[in-house]
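Heads up: the structure comes next, in structure tokens.
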Amino acid sequence: MTFGKYIRNARENRLSEDRTFSVRQVAQRIGVEPSYLSKIERDQVAPPSEATVRLLAGELGEDADLLLAMAGKVSGDLRNIIMQRPQLFAELLRQLKDAPDHAIESVAREIRDGDW
């Protein structure tokens, strides 16, 4: 599914329960023109900036990192972390590329808990 289609589906799902999730109202709340949001949803323009993606995520109750990935972007804070030790993080990501989700979650948990 494309970024635009995902955004549209998420917004329309919210709209079915809450009338304040029209294109016009969501656009107003995130500070963009309704026509621009409509073009995003129809994949007629490239995904918006990180800041706008984050605003959309918050507005729609979606995970910002997921939406950024779908938009082909990496969060600025992650980019800064990677840039501090690019070779180590590149190697780590390459090693984790084919690992199952539970293994990645286990590694993250070990690091978070300090069990390494």
State all residues of segment 24-65 that are in a helix (DSSP H, G or I) and acidic (Asp, Glu); if no residue qualifies, say none. GLU41, GLU50, GLU59, ASP65
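Let's see how each residue does on (1) free of Cβ contacts under 8 Å to residues at least 60 places away in the same chain; (2) surrounded by 13 or more Cβ atoms within 10 Å (Cβ to Cβ); (3) touching a Lys or Arg at 6+ places or on another chain (Cβ under 8 Å):
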position	(1), (2), (3)
LEU15	yes, yes, no
ASP18	yes, no, no
PHE21	yes, yes, yes
ARG29	yes, yes, no
GLY61	yes, no, yes
GLU91	yes, no, no
GLN95	yes, no, no
ASP98	yes, no, no
ILE104	yes, no, no
Under the condition of being touching a helix residue (DSSP H, G or I) at 6+ places or on another chain (Cβ under 6 Å) and of a type outside the set (Lys, Arg), which residue from segment 7-25 is farthest from GLY61 (Cα to Cα)? VAL23
What are the pairs, 6+ residues apart or on separate chains, where a residue within segment 63-84 that is surrounded by 14 or more Cβ atoms within 10 Å (Cβ to Cβ) has its Cβ under 6 Å from a residue that is acidic (Asp, Glu)? LYS73/GLU50
Test for ARG42: is it surrounded by 11 or more Cβ atoms within 10 Å (Cβ to Cβ) and either more than 16 Å from the chain's Cα centre (by Cα) or assigned by TED's automatic domain parsing to the domain that holds VAL107 (or both): yes
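The values are calculated or read from the model by the stated rules, or taken from the named source; none is laboratory data. In this text the structure is predicted, and so the values were computed from the model without any measurement. Cβ atoms come from the backbone with ideal geometry, glycine included; neighbour counts cover every protein chain shown.
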